[in-house]
Amino acid sequence: MQDPKSSSSLFNWRNGQAYFRDLKVIHREVPLDGFSLKLACLSDASQLLDEPDFAQKFIDEDRAPYGVELWPASKILANEILSGDIGPVGEALEIGCGLGLVSLAATKAGWAVTATDCDELALDFLRYNAKLNEISLHDCAVLDWDHPPSEKKYQHIWAADVLYQLVDQKPLLKCLQVMLEAGGVALIADPNRSVADRFPDHAREFGFEVQVTTHTTVDDDDKKKPGRIFRLNH
């Protein structure tokens, strides 16, 4: 595990403007139930593909820099956690934390969250955003779904917007099998992408009980957007 309080030297300020390396960083105010969070993100994440070392990393790993964008279902999941309907606060793991909205909101509400992502770049932004909001994270780490650690299990595991590729669903479920306690609950939020329609069937094949609840969120133009949360009982 890495020090969640550390801030990346890749961030700097010049003339009142924040930069990640030489790429402009924008700060967004994200309203949630009861409070709002400030999140730093790149004005255009695709600019990272013009950075030679980052571009090579994404090519080698066959993926794009999705972790430094704010995804719609993260608001749905954050508000579900803040509602208190999932039970008393405790320890939790977030998979695919990205900019950190869910982990930071839950931490502010009293949860001890271990925030993880497959991309160290996302964790750089997570740590920066924790500092920006004066929130002390419990822990953060890189997590490879294909090689989840088995020494630590969690009663609560959360993820938002991780079902956008069909090929990722079974590795995610295998990871949950390893890291979720018996009797534990995983909440997976999704903005009604059609590729996720098959996820409940896949989850049942892995032995999970599945419930689906509908939710809405509000986009940057104040328009309501539908979504859902898959609740998996182990």
> What FRET efficiency comes out for the pair Val89/Glu29, r = Cβ-Cβ distance, R0 = 22 Å, nearest 0.05?
Replying inline: 0.35
>> Between Lys223 and Asp201, what's the calculated FRET efficiency when r is the beta-carbon distance and R0 is 30 Å? Round to 0.05.
In response: 0.45
> In cubic angstrom, how much convex hull volume per residue do the alpha carbon atoms of the chain span?
Replying inline: 125
>> Quick check: pseudo-label points 7 Å beyond the Cα along Cα→Cβ at Gln177 and Ser136, how many nm apart are they?
In response: 3.9
> With each pseudo-label sitting 7 Å past Cα toward Cβ, what's the His147-Lys38 distance in nm, one decimal?
Replying inline: 3.8
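Read-outs: derived from the displayed coordinates by stated rules, not from any lab. Here the structure is a predicted model, which means the values were calculated and not measured. Heads up, the Cβs are rebuilt from the backbone with ideal geometry, glycines too, and the neighbour counts pull from every protein chain shown.
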